[in-house]
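Worksheet: the structure to be examined is printed underneath.
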Amino acid sequence: MLFRTFFCWLMIGFATLSLMSAAPLSLPVAPFAAGVAAQNQAAPVIQAKIAMPLATQHYFDLEITFPPQNEAGTRRLQMPVWTPGSYKVRDYAKNVEAFAARDPKGEPLPWRKGDKSTWLVDVPAKTPLTVSYQLFAYTFSVRTSYIDSFYGFINPASAFLYEPGREKVSYQIAVTTPENWTVATAMPRIAEQVFLADNLDVLVDTPMVFGPLRRHEFEVAGIPHYWVIAGDVNMNEAGMTEALKKIGEVVGDLFGGYPFDRYYYLSQFRLDGARGGLEHANSTMVQASSDYFRTDKGWDYFLGLLIHEYYHAWNVKAFRDKALETFDYQNEQYTDMLWLHEGWTSYYDNLLMGRAGFWDEKQLLKAFSKELNRYYQTPGNTRQSLTEASFDAWIHLYQRDESFKNARSHYYATGALAAFALDLVIRHRSKNEASLDTVNRRLYQDYGAKGLPIDWDIVHALVSEVGTKAAGTFLDRHVRRAEAIPFDKILGYAGMTFTVPEETDKAAEKAYKPPPEVSLGIDTETRTEGLFIRHVYRERNGWSAGLDFGDELLALNGRRVTPDNFQKLLQWSHPGDVVEVLVSRSNKILTIPVKLVAKEKAKVLVFDEENATASQKSIYRALFPEDPELDKTKQQEKSWQP
């Protein structure tokens, strides 16, 4: 009820916020805030200050004052080693410099390191503890903090110290910015550039952006949304704002409600290839290259990224994994559910691009065809289950090595295709009266909206209820175990096949047809020194012949290989020919004979509408709507395009 009252005040406060307002973009001071503060004066609050006098040198200055304790003793302060949503130990404490501790009179307090991420400070009884430090912020990533002379941002897990045992204490954060910079964050603002996080988890889950920011404000279902832009970008911003509205509508329709009373898209742009996103409860941090938006491909990437992170406000943040219900910021936390949290989200990236009107039927089919081709080119999909891939995210997906494709399953990409197949199974078994949408809606309404966590047993039971025992069996075989997904059968539920496209009439009429393309069963990469083998596919001809990761390709059948001519030289041969591959390996020259095989042709999804049954047509059209010829009102206007 408190947030609902707050929301009413928000709508009044934001009514006058202009597009380019110089005021900090965050929640306005609610008139009742002072009263609430007065009622809770006795409640402990951790006071934090952020300043950025050395922005050009990539430093934040932080000062944090922890409330006193009744007894004298050694107090333990820690910095997280990872951030939720990104399963890799990043040891953020490595960026802390010039740490100091003092009492309220400014007298220094003795301290020492307890371990890589822990500071131990000896503090007298009933004495507040103030620590200060500089944070080197030069890694440009949604998982870290960064600042330069143009703008900065903080992922709180990478910047703030906390005191174990006081995770429920609120943080009050005062920010001092350079001239003409403003602040953007989903944290409530309780005074000018002063913000409040209810507890450590809320703090960690609420990033902050600083700079000469641009912002766009809009509503979805009466809920205020804010798109904040840091950096230069070549974009139709008004068109993108309309696209964001559409995203909010289609995702909200999917789940049947919203888990937040406000939402912030915090975006940063730069010219040197930035990309990525990280979900938070009522905001997201997203990054992209400034020149992406000159092409349809760049627009599609950014729209898909925004859909992905927005959808996470339900799947990850609202219906939350039981294994991650209480965060341990000092140690890895293991879950076997990332195939659902990331895989299902990735499936809906594509599906919702269609529902929002950003893609037509042809583009949707192309996107799913691309993912299916990748599935069949990844031997690891049948060597590691999706639950195992989820559990081992800490050591595999975030720390990939040369064996990844051959040995590991990808809980994003393969998880998305498992969701696609599961959706088809549920639709088939329910005669298209239920779908994966139904499961998502139930997970949100029965668990997420009630603050209840989920786990494998809950999801398995719900999927079996909605899609019959067959859907539960699908999870057992293709998620819990690493059995290959039988797409030939499952695609048939929607009247689809996955096949090599037929030749056009013009191509078929040619008197001469070139021989089939050939393959060494490898992927290559260009380095400054030359052309190298990046990947050797398990059980294929290059693998059996003895080609190796990291081999430098020097010659084919005595002809010098370069990055430009490699494919041309390779295509001089035919399937079944044996070529002499000259490589450099560990500074030794080797000649390796390899028998060539025909290169696998890319396949495409095809819908056989002429022969499809009524049931197949119904399922297909539910996923791939027919493009309307006359009624364009259901399609997103093209104003968002470059």
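The values are calculated or read from the model by the stated rules, or taken from the named source; none is laboratory data. Keep in mind it's a predicted model, so treat the numbers as computed, not measured. Please note: Cβ atoms are built from the backbone with ideal geometry, for glycine as well, and neighbour counts cover all protein chains shown. Side chains included, ligands, DNA and RNA excluded: accessible areas come from the protein's heavy atoms. Shrake-Rupley method; radii C 1.70, N 1.55, O 1.52, S 1.80 Å.
What full-extension length gain, to one decimal in nm, is calculated for Asp232 and Glu529 as 0.36 nm per residue of separation minus the Cα-Cα distance? Could you put the intermediate results ahead of the total?
Details: separation 297, 0.36 × 297 = 106.92 nm, distance 3.47 nm.
So the chain would gain 103.5 nm between Asp232 and Glu529.
How large is ³J(HN,Hα), in whole Hz, for each residue of segment 127-132 in order, when computed from phi with the Karplus curve 6.51 cos²θ - 1.76 cosθ + 1.60 and θ = phi - 60°, using x for Gly and Pro?
With the stated coefficients, segment 127-132 comes to 10, x, 10, 10, 10, 9 Hz.
Quick one: if the Förster radius is 35 Å, what FRET efficiency do Asp253 and Ser544 give, using the C-beta to C-beta distance and rounding to 0.05?
Result of the calculation: an efficiency of 0.10.
Could you provide, to the nearest whole Å², the per residue accessible area of the chain with probe 1.4 Å? Before the final figure, lay out each step's value.
Values: 28920 Å² over 642 residues.
Using a 1.4 Å probe on heavy atoms only, each residue of the chain averages 45 Å².
Return the FRET efficiency for the residue pair Arg585, Tyr376: r is the Cβ-Cβ distance, R0 is 25 Å, and the value is rounded to the nearest 0.05.
On the way: r = 29 Å, r/R0 = 1.17.
Efficiency, rounded to the nearest 0.05: 0.30.
Ordering Ile247, Ile395 from largest to smallest accessible area (1.4 angstrom probe), what's the sequence?
On the way: Ile247 0, Ile395 95 Å².
Of Ile247, Ile395, the descending order of accessible area is Ile395, Ile247.
Counting only helical runs of four or more DSSP H residues, what would the 222 nm mean residue ellipticity of the chain come to if each run contributes -39,500 (n - 2.57) and the total is spread over all its residues?
Theoretical 222 nm ellipticity from helices: -8000 deg cm²/dmol.
May I ask you to derive the relative contact order of segment 496-620, considering only C-alpha pairs under 8 Å and at least 6 residues apart, and to give it as an integer percent?
Numbers: 198 pairs, mean separation 36.7, N = 125.
After rounding, I find 29 percent.
Which percent of the accessible heavy-atom area of the chain goes to carbon and sulfur, probe 1.4 angstrom? Walk me through the numbers on the way to the answer.
Values: 14580 of 28920 Å².
Reported share for carbon and sulfur atoms: 50 percent.
Pop out the ³J(HN,Hα) list for segment 93-103 in order, Karplus 6.51 cos²θ - 1.76 cosθ + 1.60 with θ = phi - 60°, rounded to Hz; leave Gly and Pro as x.
Karplus values, whole Hz, x for Gly and Pro: 4, 5, 9, 7, 10, 6, 5, 8, 10, 8, 9.
Might you work out the accessible area of Asp437 for me, using a 1.4 Å probe with all protein chains in place, and round it to the nearest 10 Å²?
Counting only protein heavy atoms, Asp437 exposes about 20 Å² to solvent.
Which whole-number percent is the relative contact order of segment 214-291 (Cα, under 8 Å, 6+ apart)?
Working: 126 pairs, mean separation 24.3, N = 78.
So the answer I get is 31 percent.
Quick one: accessible surface of Arg383, probe radius 1.4 Å, all protein chains present, in square angstrom to the nearest 10.
For Arg383, the solvent-accessible surface is approximately 130 Å².
Between the alpha-carbon centers of segment 276-326 and segment 158-185, tell me the distance in whole angstrom.
23
Take the Cα of Leu271, step 7 Å along the line toward its Cβ, and report every residue of segment 131-158 whose backbone nitrogen sits under 15 Å from that point.
So the set is 150.
With percent of Cα pairs over 38 Å apart in mind, check [x] 43; [y] 52; [z] 39 and report the label derived from this structure.
The value matching this structure is [x].
Within 10 Å, count the other beta carbons around each residue, average over each peptide in 306-319, 46-59, and list them highest first. Intermediate results must be reported in sequence, preceding the final value.
On the way: 306-319: 23.4, 46-59: 18.1.
By packing density, highest mean first, the sequence is 306-319, 46-59.
How would Tyr264, Tyr138 line up by accessible area, probe 1.4 Å, largest first?
From most exposed to least exposed: Tyr138, Tyr264.
If I take every Cα pair under 8 Å that is 6 or more residues apart in the chain, average their sequence separation and divide by the length, what percent do I get for the relative contact order?
The normalised contact order for the chain reaches 11 percent.
Once the piece of chain linking Val578 and Ala484 is laid out straight, how much longer is it, given 0.36 nm per residue of separation minus the C-alpha distance between them? Working shown, then result.
Working: separation 94, 0.36 × 94 = 33.84 nm, distance 3.16 nm.
Additional length available on full extension: 30.7 nm.
Taking 0.36 nm per residue of sequence separation and subtracting the Cα-Cα distance, how much length would be gained by fully extending the chain between Asp457 and Thr74, in nm to one decimal?
On the way: separation 383, 0.36 × 383 = 137.88 nm, distance 4.32 nm.
Stretched out fully, the Asp457 to Thr74 stretch lengthens by 133.6 nm.
Between Thr118 and Glu433, take the C-beta separation as r, use R0 = 56 Å, and let me know the FRET efficiency to the nearest 0.05. Spell out each step's value before the answer.
Values: r = 55 Å, r/R0 = 0.99.
According to the calculation, E is roughly 0.50.
Return the whole-Å distance between the Cα centroid of segment 539-599 and the Cα centroid of segment 436-465.
51
What does the charge add up to near Asn432, with Lys and Arg as +1, Asp and Glu as -1, over the other residues with Cβ less than 14 Å from its Cβ?
Values: positive: Arg427, Arg429, Lys431, Lys617, Arg621; negative: Asp423, Glu433, Asp437.
Combined, the nearby Lys, Arg, Asp and Glu give +2.
Please compute the net charge surrounding Ser289, taking Lys and Arg as +1 and Asp and Glu as -1 over other residues with Cβ under 14 Å from its Cβ.
Numbers: positive: Arg270, Arg275, Arg294, Lys297; negative: Asp232, Asp272, Asp291, Asp300.
Residues near Ser289 contribute 0 overall.
Once you sort the root eigenvalues of the Cα gyration tensor of segment 298-414 as a ≥ b ≥ c, which label holds: rounded (a/c under 1.5), prolate (a/b larger than b/c) or oblate (the other case)? Intermediate values should be presented prior to the final figure.
On the way: a/c = 2.38, a/b = 1.24, b/c = 1.92.
Oblate, since a/c reaches 1.5 and b/c is not below a/b.
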